[in-house]
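Colleague: My structure is below; once you've seen it, I'll send some questions.
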Amino acid sequence: MTAPHHLLLVVAGIAGEASHLVEADADAAQLSVLDVAATRGDGIFETISIGQGHPQALEAHLQRFARSARMLDLPAPDLTVWRDAVLALAHRLADHDEAWVKTALSRGVELPAAGGPPVPTGWAYATVSPQFRRERTEGIDVVLLDRGLRSDVSATSPWLLAGAKTLSYAVNRAAVREAQRRGADDVVFVSSDGLLLEGPTSTLVVRRGDTLTTPPDAFGILPGTTQVDLFAAADQWGLATAVEPLSPDDLRGADAAWLVSSVRHAAPVRSVDGAPLPVDAPLTATMNGFLRDRRS
Ligand code: PLP
């Protein structure tokens, strides 16, 4: 079946009661060149995976959207309207096993002549997910890259917005290009005080024995919705969970590790800076089956 790609709903009048959905033509231009989303990356987003028409971890994504808005001093998004937008888009992709919806909210159009605060702009769109067979089964090669921020950055320098899902992902993209220059696929960021953080678009999960561990959000990393769902299910796979600091040696000596995220799901790490890491194929398949089949 042909993919109904780039469906677009524009969410207008974001703040408070006036929020409503407007259907927009995805092939026509929608954003103003004066929108600070385009000129400054000043806004937030969420990417929500859709399994056969069902948004996955939707409430957690909406809550995180609101959290990012607070961190950027944006008006609180009306989550009822955003939920409707996601559900409407997801419904149209029900014929596809895997798809995703993106929601974005920018501070809005900056009108230098008019003055006054910009009016926020919001939009949501959806498309079919690419194939991730290789990443989910064979695994990914990662490199450790220094993020240049201490693990207490959220407390010392909240204006750096560490752990907010902002539209300014140029640094995250640059890190992936650096990984590719080094012959790898992806990145695990390390804090300047030597603690493992997260991937540029994913959460790190490490298995040591029967315990899955992920680093604390307090280190200025995005609280991952996929990791939370996996940890909630771990018990049924006979695994304990822990949220605690991890060092590069913890990763290098792990029994298995994954970068987990909403659309790619669980990608097993098969090497770190060129040194092989075991891939736990059965657990990876179990995780990905569970993530794919979520209905909420
Ligand atoms: N960390 C960062 C920086 C991300 O951008 C993402 C998702 O894009 C994640 C972690 C994983 O979050 P989630 O599992 O909610 O997709």
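The values are calculated or read from the model by the stated rules, or taken from the named source; none is laboratory data. In this text the structure is predicted, and so the values were computed from the model without any measurement. Because the Cβ atoms are built from the backbone with ideal geometry, glycine has one as well, and the counts that use them run over all protein chains shown.
Colleague: Residues to consider are V187, V176, V205, V142; find the one that is within 17 Å of D273 (Cβ to Cβ), within 13 Å of the ligand (Cβ to nearest atom) and buried (at least 21 other Cβ atoms within 10 Å of the Cβ).
Modeller: Only one candidate passes the filter, namely V187.
Colleague: When both residues are 6+ apart or on different chains and their Cβ atoms are under 6 Å apart, which pairs have a first residue that lies in the range 148-169 and is away from the ligand (no atom under 16 Å from the Cβ), and a second that is among the acidic types (D, E) and not in a helix (DSSP H, G or I)?
Modeller: Sorted first by the residue in the range 148-169, then by its partner, the pairs are R150/D193.
Colleague: Among (1) charged (D, E, K, R); (2) within 19 Å of the chain's Cα centre (by Cα); (3) away from the ligand (no atom under 11 Å from the Cβ), where does E198 come up short?
Modeller: Just one mismatch for E198, condition (3).
Colleague: Can you pull out every residue in the range 233-252 that is in contact (Cβ under 8 Å) with a residue 12 or more places away in the chain and farther than 21 Å from I221 by Cα?
Modeller: Answer for the range 233-252, where residues must be in contact (Cβ under 8 Å) with a residue 12 or more places away in the chain and farther than 21 Å from I221 by Cα: A233, A234, W237, G238, L239, A240.
Colleague: With the structure loaded, tell me whether A267 is within 13 Å of the ligand (Cβ to nearest atom) and touching a residue at least 12 places away in the same chain (Cβ under 8 Å) or whether it fails that test.
Modeller: Yes: the conditions hold for A267.
Colleague: Moving on. Return yes or no: is V143 in a helix (DSSP H, G or I) and either under 26 Å from G220 (Cα atoms) or among the hydroxyl-bearing types (S, T, Y) (or both)?
Modeller: Criteria not met by V143.
Colleague: So, in the range 212-221, how many residues would count as being surrounded by 21 or more Cβ atoms within 10 Å (Cβ to Cβ) and touching a residue at least 60 places away in the same chain (Cβ under 8 Å)?
Modeller: 2
Every residue, every condition in (1) of a type in the set (G, A, S); (2) at pLDDT 95 or above; (3) outside the structural domain of L145 (by TED's automatic domain parsing); (4) more than 13 Å from the chain's Cα centre (by Cα), yes or no:
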residue	(1), (2), (3), (4)
L204	no, yes, no, no
T211	no, yes, no, yes
A218	yes, yes, no, yes
L239	no, yes, no, yes
L251	no, yes, no, yes
D255	no, yes, no, yes
V260	no, yes, no, no
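Colleague: Of everything in the range 245-267, what is touching an Asp or Glu at 6+ places or on another chain (Cβ under 9 Å) and hydroxyl-bearing (S, T, Y)? Give them in sequence order.
Modeller: Passing the criteria: only S262.
Colleague: Among the numbered criteria (1) within 16 Å of the ligand (Cβ to nearest atom); (2) among the aromatic types (F, W, Y); (3) more than 24 Å from A66 (Cα to Cα), which single criterion is violated by W237?
Modeller: It is condition (1) that W237 fails.
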